[in-house]
Amino acid sequence: MNSAVSSPLSLRPIHQNVAAPEPMIHLSGVTKSFGGNTILRNVTFDVPKGRTTAVLGPSGTGKSVLLKIIIGLLAPDHGQVLVFGESIVGMRVRALFALRKRLGVLFQDGALFGSLNLFENIAFPLREHTRKSEAEIRSRVIEYADLVGLSDHLSKLPGEVSGGMKKRAGLARALVLEPEIVLFDEPDSGLDPVRVAYLDELVVKVQNETGATFFIITHNIASVMRTADYLGLLYRGDLVAFGSKEVIRTSSEPLVQQFLQGKADGPIGMDEMVDSR
Ligand SMILES: Nc1ncnc2c1ncn2[C@@H]1O[C@H](COP(=O)(O)OP(=O)(O)OP(=O)(O)O)[C@@H](O)[C@H]1O
Ligand SMILES: [Mg+2]
């Protein structure tokens, strides 16, 4: 399903053919520029159903742009994006709205509503997208608050809880509509390593329990080694490698090893690698 990507680095990109479950998200030849600055170049990969796929990249490489293209907030200049097999490029607003109900998104900063308590934040998608009764909403919110360990804190405002709790509330809100795909933009940002490890355990647990397709973009290598089944490496707009975690982890490709070890010394040889640690 995947084809080789061209790289301006003149490095041989590795691109494993993923003989994997059917793709829930399919990108081919996705290219995006802003004012002559190419952010994503010919990006091609599949996100397999019911697994966790992570795309790693240093800061400013276009990870958030990639996520916005997948959810239809930004249109690519070229290329195809299929979500649930449907092309989202040029999709009409109503169809896009219906499709987004099947997606949960955990934004980089949690994006909670500061004036709503955690209960109301988690309940928000249910009120917005469903006609559930108050009792049904209550029971669903409690179910998901339980899953992320927040049931004792539902009356607190986002400003009254820790960063890790905000992330967990954001995760509960992303999950409450029981989406088939959950997308995460840097779930680890702003958390200390212990809380990142705890959140990773939670991500693995929730993925196992829900069987949903998870897609994570981050620069935290240690974190994705715990959570992901498939890994993509994004560097200066090119997807330089994509494959199962084991294939990527054990690749002898110097570029991949340099990337995973975050070393400044190697074929990339750029300061940016420091950011990918
Ligand atoms: N709407 C936009 N208009 C113009 N430039 C943009 C826009 N969105 C993103 N960019 C540029 O695209 C580049 C990639 O941005 P992006 O936010 O995707 O990076 P990132 O990999 O998510 O970084 P970080 O790890 O810091 O979150 C940046 O140089 C940014 O300035
Ligand atoms: Mg980002």
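Give a quick list of trypsin sites (Lys or Arg not before Pro) in the stretch 64-151 that DSSP marks as loop, anything other than H, G, I, E or B, with at most 11 other Cβ atoms within 10 Å. For trypsin sites (Lys or Arg not before Pro) across the stretch 64-151 that sit outside H, G, I, E and B with at most 11 neighbouring Cβ atoms in 10 Å, the list reads 92, 131. Charges were assigned to the Cβ only: +1 to each Lys and Arg, -1 to each Asp and Glu. The resulting dipole of the stretch 142-254 about its Cα centre is roughly 240 debye. Relative to the Cα centre, the charge distribution of the stretch 112-178, modelled as +1 at Lys and Arg Cβ and -1 at Asp and Glu Cβ, gives a dipole magnitude of about 160 debye.
Panel values: the stretch 161-218, Kirkwood radius from alpha carbon pairs, Stokes-Einstein at 4 °C and 1.567 mPa s, translational diffusion coefficient 112 µm²/s. All C-alpha pair distances within the chain, sorted into 5 Å bins from zero, spread as 1, 6, 13, 17, 19, 16, 13, 8, 5, 2, 1, 0 percent across the bins.
The sum of -39500 (n - 2.57) across all DSSP H runs of n ≥ 4, divided by the residue count of the chain, sets its helix-only mean residue ellipticity at 222 nm to -10000 deg cm²/dmol.
With charges set only on the Cβ (+1 for Lys and Arg, -1 for Asp and Glu), what does the dipole of the chain come to about its Cα centre, in debye to the nearest 20?
Values: 30 positive and 30 negative charges, 108 e Å.
Value, rounded to 20: 520 debye.
Mind checking which aspartates and glutamates have their C-alpha under 20 Å from residue 245, skipping anything on the same chain fewer than 8 residues away? In chain and number order, the partners are 22, 46, 185, 186, 188, 200, 201, 229, 253. When all alpha carbon pairs of the stretch 112-178 are counted in 10 Å bins from zero, the resulting P(r) reads 25, 59, 15, 0 %. Using alpha carbons only, the radius of gyration of the stretch 151-252 set against its Kirkwood radius gives Rg/Rh = 1.00. May I ask for the net charge around residue 125, where only other residues with Cβ less than 12 Å from the Cβ of residue 125 are counted and Lys, Arg are +1 while Asp, Glu are -1? Once all neighbours under 12 Å are counted, the net charge is +4. If you run the Gaussian network model on the chain, springs between alpha carbon atoms under 10 Å, then out of 164, 79, 114 the most flexible one is 114.
For the cross-link pairs 32/205; 32/101; 63/101, which exceed 32 Å when the distance is taken from alpha carbon to alpha carbon?
32/205
Taking 170, 243, 90 as the candidate residues, the one with maximal mean-square fluctuation in a Gaussian network model of the chain, Cα springs under 10 Å, is 90.
Quick note: the coordinates plus some simple rules give every number you see, no bench work behind them. What you see is a predicted model, and the numbers here were worked out from it, not measured in a lab. Cβ atoms come from the backbone with ideal geometry, glycine included; neighbour counts cover every protein chain shown.
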